[in-house]
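Written out below as structure tokens is the structure these notes cover.
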Amino acid sequence: MVELRNVSKTYPNGTVALRDINLKLDKGEFVFLVGPSGSGKSTLVKLLLKEEEATEGEVYVNGYDVTSMTRQEIPYLRRSLGVVFQDFRLLPNKTVYENVAFAMIITEALPKEIRRQVPMALALVGLSRKANMYPHQLSGGEQQRVALARALVNNPALLIADEPTGNLDPETSWEIMKLLSEINHRGTTVIVATHEKSIVDAMKKRVVAINKGVIVRDQEKGLYRDEDKNTPVFY
Amino acid sequence: MKIRTLRYFIKEGFVNSYRNKLMSLASVLIVVASLIVFGVFVLISLNAQHNIRIWKEQPQLQAFCYQELDDIQVRRVEEIIKADERVLSYEKVTREQALEKMRERLGKDAAILDGYGADIFPVSFIIRLKDVSYSGEVVKDLEKVTGIEKVTYSQDTVELITRMSQWFSLGCSVMIVIFLVASVFIIANTIKLTVFARRKEISIMKYIGATDWFIRWPFVVEGVIISITGAILAFIISACGYKAVVDKFSQDAFFAQTSLLSMLSIESIWSKLAVYYAAIAVVVGAAGSFVSMRRYLKV
């Protein structure tokens, strides 16, 4: 599904963001990517989207050889995966329905298909009743759910969420995480970059910890920090 | 490209130009200005060509005798013209006819001729040649005939008009190029503002997998909308303006009577003008969009 082989990334200003990363994700996995700010997890997400180029090594996503991909192929890579960001990135002058439908319009999907898929995606995130509202009329959690619906509407095999709960209060964050977990149960591979310690600890999923550009830990049913192993987890 | 996608591009293009009303209007006006300059040029050169063609189709010479020639000498000149094989037909203009023509030409001011007799005018012959290519040699031969003072030569006028229209074309071409380049850049600038206003939207589109061309097309459409609107306005203005000039021209006594120049009717040239305007508008609009995209929309 996703594989990074000996990947390094040095920015033009000399900052080394990633150093010899090897990572493999199988189909249907749910992986937390954790680490402090500046650890390199955002860079890793950018490499998967080919927003940045790896300086060394190879990146494979959804069967695409991202490293050798030409500029013209990038849109097709991005269509094959759903992405959710901390700042939602919705179109302010389009309704909830239009925002979600837009992801299908750009793929030149059939109108019939759009009319079928969009309500399904909105139902999945529980926003069917707010389809005709504009983003500014919604709460942060609802906006993020719209972004999720948009990410899912084309049925991607992989969902990448970069700090999806960074702008949300704890309770709403939980709702979003539960939704991500549910999406994963339906068969979508999910990568979540986050530093929400309590959520990571409670969900008991695979945790890949990055620090200073290096993978320091890769653990099934992991916790945010190693030393937290013995502290009680409430859930 | 699919029809529904095309419809989406066109809709977005209209939305873009509407959101950017003021700049769109400014761009439309500059397009109108440059197209009107172009239109004036086209109209004048079409008319010049039309008149040159008329002149060329009528290879006419007018041979003037010396004013003091008596009837016998005039008849001798007439015999020579009659005998020339290159002459298709000729027409004698008597002193009285010449006086009458001058009276007509002067119209209201004909009174200044009162008190003068027809004898102040020379006898002349209007000569039509079998072929325009003879005119040069015929003029030379006639000028050697005793009794003929001068031969006016419509070829002179043709050359003058040709030369004038060449200079005119050159001047207009320079102006048109300047105006069209200005239009392209002003349209490009308008689109730059749209791109700037929509940069967030463009980045979102890129993240969800829109291709470069999917992002670009609405901006191309915006450029074409601006230039087509400009072309339509320019067409209306120049067609009405031209019609007014033609009407004025046909009412003018001097031109109407002398039939020295004739103007093409608006009916006969509007379609040509419309095609030129449409073609230029599409090219200028698309060029403006592409310039703006090369510079401001590095997706």
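Just so you know, all these numbers are worked out from the coordinates, no wet-lab data involved. Treat the numbers as computed from the prediction; the structure is a model and nothing was measured. Glycine also receives a Cβ, built like all others from the backbone with ideal geometry; neighbour counts cover every protein chain displayed.
Of the GluC sites (Glu not before Pro) in segment B:59-119, which ones lie in a loop per DSSP and count no more than 12 other C-beta atoms within 10 Å?
Numbers: sites: B:E68, B:E78, B:E79, B:E85, B:E91, B:E96, B:E100, B:E104; in loops: B:E68, B:E85.
Hits after loop and neighbour filter: B:E68, B:E85.
Taking B:K140 as the anchor, which aspartates and glutamates have their alpha carbon closer than 19 Å to its alpha carbon, excluding any fewer than eight residues away along the same chain? By straight Cα distance, B:K140 reaches B:E78, B:E79, B:D84, B:E85, B:D131, B:E149, B:D156, B:E159. Computed from phi, the 3J(HN,Hα) profile of segment A:194-199 under the Karplus parametrisation 6.51, -1.76, 1.60 (θ = phi - 60°) reads 7, 10, 7, 4, 4, 5 Hz, with x in place of Gly and Pro.
Out of all Cα-Cα pairs in segment B:60-130, roughly what percent, to the nearest whole number, are more than 19 Å apart? Tail fraction, whole percent: 39.
Under the membrane-span-like helix rule (DSSP H runs whose alpha carbons stretch at least 27 Å along the helix axis, mean Kyte-Doolittle hydropathy -1.0 or higher), chain B yields B:21-57, B:154-197, B:212-251, B:266-296. According to the Cα-based calculation, Rg over Rh for segment A:140-217 is 0.96, with Rh computed by the Kirkwood formula.
Proximity of backbone amide H atoms, modeled 1.01 Å from N, is registered between B:F121 and no other residue at under 5 Å, excluding neighbours fewer than 5 places apart on the same chain.
What relative contact order, as a whole-number percentage, does segment B:60-130 give when Cα pairs under 8 Å and 6 or more residues apart are counted?
Computed value for segment B:60-130: 57 percent relative contact order.
Determine the gain in length on full extension of the stretch A:E3-A:H136; use 0.36 nm per residue of separation and subtract their C-alpha separation, reporting nm with one decimal. Mind showing how you got there, number by number?
Details: separation 133, 0.36 × 133 = 47.88 nm, distance 3.78 nm.
Roughly 44.1 nm would be gained on extension.
Converting phi to 3J(HN,Hα) with the Karplus coefficients 6.51, -1.76 and 1.60 and the offset θ = phi - 60°, segment A:83-89 yields 10, 10, 10, 4, 9, 6, 6 Hz in sequence order, with x at every glycine or proline. Using R0 = 30 Å, the C-beta based FRET efficiency linking B:Q166 and B:A26 works out to 0.30. Only Cα pairs under 8 Å and 6+ residues apart enter the sum, and on that basis the relative contact order of chain A stands at 26 percent.
Applying the Kirkwood pairwise sum to the alpha-carbon positions of the protein assembly as shown produces a hydrodynamic radius of 30.3 angstrom. Modelled label positions at B:A110 and A:K212, each set 7 Å beyond Cα in the direction of Cβ, lie 11.2 nm from each other. Structural descriptor for chain B: relative contact order 32 percent, calculated from alpha carbon pairs under 8 angstrom and at least 6 residues apart. A straight Cα-to-Cα reach below 17 Å connects B:K192 with the aspartates and glutamates B:E12, B:E201, B:D212, B:E222, residues fewer than 8 places away in its own chain not being considered.
Toward the positive end of the charge dipole of chain A, with +1 on the Cβ of Lys and Arg and -1 on the Cβ of Asp and Glu, the farthest Cα among A:V100, A:N6, A:I210 is that of A:V100. For the pair B:V181 and B:Q97, the difference between a 0.36 nm per residue extended length and the Cα-Cα distance amounts to 24.6 nm. For the protein assembly as shown, the Cβ-based charge dipole about the Cα centre amounts to some 2380 debye (Lys, Arg positive; Asp, Glu negative; other atoms uncharged). Comparing B:F185, B:I44, B:F214 along the charge dipole axis of chain B, the residue lying farthest to the positive side is B:F214, per the Cβ-charge model.
Do any trypsin sites (Lys or Arg not before Pro) in segment B:1-71 lie in a loop, going by DSSP, with at most 14 other beta-carbon atoms within 10 Å of their beta carbon, and if so which?
Answer in residue order: B:K2.
Can you compute the charge dipole magnitude of segment A:168-208 about its Cα centre, using +1 on each Lys and Arg Cβ and -1 on each Asp and Glu Cβ, nothing else charged? Give it in debye, rounded to the nearest 20. Mind dumping the intermediate values first?
Numbers: 6 positive and 6 negative charges, 63 e Å.
Result for segment A:168-208 is approximately 300 debye, rounded to the nearest 20.
State to the nearest 20 debye the size of the charge dipole of chain A about its Cα centre, where the only charges are +1 on K and R beta carbons and -1 on D and E beta carbons.
So the dipole magnitude of chain A works out to roughly 480 debye.
Can you spot the aspartates and glutamates whose alpha carbon is less than 14 Å from A:K41's alpha carbon? Ignore those fewer than 8 places along the same chain. Those aspartates and glutamates meeting the cut-off are A:D20, A:E51, A:E52, A:D162, A:E163, A:E196, A:D218.
Between the amide H of A:V83 and those of A:I160, distances stay under 5 Å, these residues lying 5 or more places away or on another chain, with hydrogens modeled in the peptide plane.
Per-residue ellipticity at 222 nm from helix content only, as computed over the protein assembly as shown with -39500 (n - 2.57) for each DSSP H run of at least four residues, stands at -18500 deg cm²/dmol.
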